[in-house]
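S.K.: Questions regarding the structure given below will be posed in turn.
Read-outs: derived from the displayed coordinates by stated rules, not from any lab. Every value quoted in this text rests on a predicted model; they were computed, and no experiment measured them. Methodologically, a virtual Cβ is constructed for each residue, glycine included, from the backbone with ideal geometry; neighbour enumeration extends over all protein chains shown.
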Amino acid sequence: MLKIYNSLTREKQDFVPIIPGSARMYVCGMTVYDYCHLGHARVLVVFDMVQRWLRASGLQVTYVRNITDIDDKIIKRAVESKQSIAELTARFIAFMDEDAAALGVEPPDHEPRATAYVPQMLDLIGQLEKNGLAYQAADGDVNFSVRKFAGYGKLSGKSIDDLRAGERVEVDTAKEDPLDFVLWKHARDNEPFWPSPWGNGRPGWHIECSAMSSDLLGKHFDIHGGGQDLQFPHHENEIAQSEGAHLCRFVNYWMHNGFVRVADEKMSKSLGNFFTIREILKNYDAEVVRFFILRAHYRSPLNYSDSHLDDARQALTRLYTALKSVGAADAGASPVDWDEPHAQRFRQAMDDDFNTPEACAALFDLAAELNRRKSPAVAGQLRGLAGLLGLLTRDPQIFLQAAPSNETADSVADIEARIAERVAAKKNKDYAAADRIRADLLAAGVVLEDSSAGTTWRRS
């Protein structure tokens, strides 16, 4: 049985869906005002892996990942770039979609945008006001009264007196309590606004996810995920306003992926140590980046460096090289034989809170068996299992010859020309020239492999 580490209970728990045979999952997506960075990539890949395994486990999955397309940072960036908010967000949504597709991330079943759910947000705020948990302050903002919600702090595990207003929550003297957070911001000059019972304004950050998730998945659903940085205040506030409005449990299982770290520091824009997905993909194949993310357990820190990515590339190359050994035509994915020992080990790992490092270890053991047996059946099993993680989906030769995007377009043609020169040199018994060409190519990161069928090549 699948076990999930629940951030709310701080322990692994058996996954028991609310509706038998189904799984409803909501993940906090991107705020679209800039290019996605490696931290975003981890969220995209991790929860793509989760939804893939839920489906592979026979569950009918409804996966929702939102887009925040109205936010203080979005407004500021639109002003700075002299674009409309719609132009800015449309541009970066397109970039996000490109990055996600490159990383092998399947589209969610629903991808709601905050601006399309303002009526649902107003209904939710109205219910909170009716339940005595929301009030309009003297400055016109509508706030949530934190101390009136008895369960506040249960996700973060802190007492209410230890908590502080978090990121994106402005401490305002108009609030009854500094911990109160804004549900509806009154209209400010030169900012977008919507009409509401409390006057013109726009939604606060937290109310967006509560409205979108409850509308698409119901008031009570199975899994809510996101980055560890969202646990407080965002997810804590989601629980308070959702349960405060609907008077029932909000989510059964809370999942949070760990931080990305660079040189033992949390990656963040404020520290200036973050890397966009696009920057990384100039030097590394997208599948290598996906594999790099999945080699670490989703709850553990992910340590970024070129050496770690180089190691991931070499490891993935070993898997593709094993597949290549049986021939591309015989290396297609097959339905997984779940009675086979490696598959059983893979399933056991994935059912243990999505233990992808152990699942990947099973893939490498299977690749070692493939190298020994050269069996198309083993190759099919390897590709079938890896495919559940979104890996090993390409022809091996295509992966092995793939170049970073920053390499010139004619590099492959140059390599093929040098190989042809080497063939001619060997034909003329000029073995010194042939060896020199091999050495030159190796120095350029190209490995030649001779066989009775001719010469093939791959990048080192």
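S.K.: With both partners inside segment 3-261, how many of the DSSP beta bridges are antiparallel, as a percent to the nearest 5?
M.R.: 45
S.K.: Suppose every Lys and Arg Cβ carries +1 and every Asp and Glu Cβ carries -1, with no other charges. What dipole size does the chain come out with about its Cα centre, to the nearest 20 debye?
M.R.: 960
S.K.: Right, something else. Which entry in [x] 91, 53, 35; [y] 65, 56, 42; [z] 78, 47, 43 is this structure's computed Cα extents along the principal axes in Å?
M.R.: [x]
S.K.: Using the beta-carbon distance between K282 and R91 and R0 = 22 Å, what value does 1/(1 + (r/R0)^6) give for FRET efficiency, to the nearest 0.05?
M.R.: It comes to 0.65.
S.K.: Here is a further query. Taking the Cα centre of segment 282-401 as origin, sum charge times position over the Cβ atoms of Lys and Arg (+1) and Asp and Glu (-1), and report the length of that vector in debye to the nearest 20.
M.R.: Dipole magnitude for segment 282-401 comes out near 300 debye.
S.K.: Now, a different point. Any idea which of S214, S242, L294 is furthest toward the positive side of the dipole for the chain, if Lys and Arg beta-carbons carry +1 and Asp and Glu beta-carbons -1?
M.R.: So the residue furthest toward the plus end is L294.
S.K.: A further question follows. Out of all DSSP beta bridges with both ends in the chain, state the antiparallel percent to the nearest 5.
M.R.: Here the antiparallel bridges make up roughly 50 percent for the chain.
S.K.: Mind jotting down the distance between the C-alpha centroids of segment 101-164 and segment 291-368, whole Å?
M.R.: 38
S.K.: Relative to the longest principal Cα axis of the chain, at what angle does helix 38-56 sit, 0 to 90 degrees, rounded to 10?
M.R.: Computed tilt is about 80 degrees.
S.K.: If you don't mind, another one. When the helix-only estimate is applied to the chain (DSSP H runs of n ≥ 4, each -39,500 (n - 2.57), divided by the residue count), what is the mean residue ellipticity at 222 nm, nearest 500 deg cm²/dmol?
M.R.: Value at 222 nm, helices only: -13500 deg cm²/dmol.
S.K.: Also: Taking the Cα of L442, stepping 7 Å toward and past its beta carbon, and measuring to each backbone N in segment 294-314: which are under 19 Å?
M.R.: 314
S.K.: A further question on this structure: Would you mind putting 193-199, 107-113 in packing order, based on average other-beta-carbon counts within 10 Å, highest first? Mind dumping the intermediate values first?
M.R.: Details: 193-199: 14.9, 107-113: 17.0.
Ranked from most to least packed, the peptides come out as 107-113, 193-199.
S.K.: Within a 10 angstrom radius of the beta carbon, how do S57, S210, S305 rank from fewest other beta carbons to most? Write down the numbers at each step before the final one.
M.R.: On the way: S57 16, S210 29, S305 11.
Fewest-to-most ranking of S57, S210, S305: S305, S57, S210.
S.K.: Is the shape of segment 3-261 rounded, prolate or oblate, going by the alpha carbon gyration tensor and its root eigenvalues a ≥ b ≥ c, with a/c under 1.5 for rounded and a/b larger than b/c for prolate? Provide the component values of the computation, followed by the final result.
M.R.: Working: a/c = 1.71, a/b = 1.17, b/c = 1.46.
It comes out oblate by the Cα gyration axes.
S.K.: What full-extension length gain, to one decimal in nm, is calculated for S57 and D139 as 0.36 nm per residue of separation minus the Cα-Cα distance?
M.R.: Gain in length upon complete extension: 24.4 nm.
S.K.: Now, a different point. If we count every other residue with Cβ under 11 angstrom of L217's Cβ, Lys/Arg +1 and Asp/Glu -1, where does the sum land?
M.R.: The answer is -1.
S.K.: Per-residue counts of other Cβ atoms within 10 Å, averaged by peptide: what ranking do you get for 9-18, 274-283, 81-90, highest first?
M.R.: Peptide ranking by packing, descending: 274-283, 81-90, 9-18.
S.K.: In degrees, nearest 10, range 0 to 90: what is the angle between the Cα axis of helix 341-351 and the longest Cα principal axis of the chain?
M.R.: 20
S.K.: Helix 376-387 versus the longest principal axis of the chain: what angle, 0 to 90°, nearest 10, using Cα atoms?
M.R.: Approximately 20 degrees, to the nearest 10.
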